[in-house]
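Here the structure comes first, spelled out in structure tokens, and everything after it is commentary.
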Amino acid sequence: MSIEVAILIWLAIGIGITAGVFLVARTAVQMASVAYRVIEKQLDPKTATRQTGLLGLGMIAALAATALVAGYAIFVLFASLLDSSGVLGQ
């Protein structure tokens, strides 16, 4: 694998992690917005419960996807470090 391909792969991993963190933060802001609208009596509690549940599921999915991407990156990084140090070859 060439250096350019490796850099592009790490760039894609970084973009994936950044996108996941953005989705989690955006979902948290949306949940706060739902809570504010309930406090201000602009939204009934039943609708707020449904919206908060869906947002919670979205947040869990974003966290899981981000964890998989970050876990893969950590695995590849440590595997390449161990391989280059010669620990795995013995």
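Observations on the model:
- No other residue among 66, 49, 27 is under 21 Å from residue 7 (Cα atoms) and either touching a His at 6+ places or on another chain (Cβ under 8 Å) or of a type in the set (Val, Ile, Thr) (or both) apart from 66.
- Filter pass, residue 68 being part of a helix (DSSP H, G or I), within 19 Å of residue 10 (Cα to Cα) and at pLDDT 90 or above: yes
- Selection over segment 25-51 of residues that are loosely packed, with under 15 Cβ neighbours inside 10 Å and either in contact (Cβ under 8 Å) with a residue 40 or more places away in the chain or among the basic types (Lys, Arg) (or both) gives a count of 4.
- Of residues in segment 46-74 being β-branched (Val, Ile, Thr) and within 13 Å of the chain's Cα centre (by Cα), the one nearest to residue 33 (Cα to Cα): 60
- Single unsatisfied condition, residue 43 versus (1) in a helix (DSSP H, G or I); (2) more than 15 Å from the chain's Cα centre (by Cα): (1)
The values are calculated or read from the model by the stated rules, or taken from the named source; none is laboratory data. Because the structure is a prediction, the values reported are computed rather than measured. Cβ atoms come from the backbone with ideal geometry, glycine included; neighbour counts cover every protein chain shown.
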